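Got a structure here, written out as structure tokens. Questions coming.
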Amino acid sequence: RILYDVFDKRLKLLRAAPRPPPPRQRLPDREGWPTFEQKQVLFSECSELPLREARLVADTLQKSCPAAIKTIGDANASNAIVDFDLIDLATFAQLEAMVARWKAQPAQF
């Protein structure tokens with residue numbers, strides 16, 4: 001009986017817990033904007049960057065396309081959310097070039 005009550009109480013808590021929002025629908029490819037596949041590749045490559053280079057990407061994005069980046073916390077915070085759907089083609093090409101240049105450099109320890 002005790003186990004049943006505990007389970008029932010926890011189940012009620014889980015059902016009352018907030019749920020994450022549903023994922024956004026994929027936007028159709030637009031003329032003059034990066035394709036979905038290009039955005040996936042850049043996202044993957046940016047995710048593998050060291051913190052220093054990731055910070056430079058974020059700074060470049062903040063200057064070139066501020067609508068695509070949202071800083072979390074104060075202005076000096078190192079966390080940001082990037083909406084790849086809002087990055088224009090010129091900025092996207094600039095970021096791709098930066099990432100490609102860093103990937104071509106040998107790793108420094």
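For the chain, what relative contact order do you get, as a whole percent, if you take Cα pairs closer than 8 Å and at least 6 residues apart?
Relative contact order for the chain comes out at 22 percent.
Can you give the extra length, in nm with one decimal, that the chain gains between residue 56 and residue 6 once fully stretched, where that is 0.36 nm per residue apart less the Cα-Cα distance?
13.0 nm
When the chain is modelled as a GNM with alpha-carbon springs shorter than 10 Å, which of 61, 11, 49 fluctuates the most?
11
Can you tell me the 0 to 90 degree angle between the C-alpha axis of helix 89-104 and the longest principal axis of the chain, rounded to 10?
90
By the scheme Lys and Arg +1, Asp and Glu -1, what is the net charge of all other residues having a beta-carbon under 13 Å from that of residue 104?
-1
Mind listing the long-range amide H neighbours of residue 80? Cut-off is under 5 Å, sequence gap 5 or more, other chains count too, H placed in the peptide plane at 1.01 Å from N.
Result for residue 80 returns 72.
What label, among [x] 36, 20, 13; [y] 108, 5, 4; [z] 38, 19, 15, belongs to semi-axes √(5λ) of the Cα gyration tensor in Å computed from the structure on display?
[z]
Could you work out how far apart the two model spin labels at residue 88 and residue 63 are, taking each label as a point 7 Å from the Cα in the direction of the beta carbon, and quote it in nm?
For the pair residue 88/residue 63, the computed spacing is 1.6 nm.
Multiplying the sequence separation of residue 81 and residue 26 by 0.36 nm and subtracting their Cα-Cα distance, what value in nm do you get?
Separation in residues times 0.36 nm, less the Cα-Cα distance, equals 18.1 nm.
Related question: Against the longest alpha carbon principal axis of the chain, how many degrees, from 0 to 90 and to the nearest 10, is the axis of helix 2-16 turned?
So the inclination is approximately 40 degrees.
Each reported figure results from applying straightforward, stated rules to the coordinates on display, with no laboratory input. These numbers come from a predicted model, not from an experiment. Because the Cβ atoms are built from the backbone with ideal geometry, glycine has one as well, and the counts that use them run over all protein chains shown.
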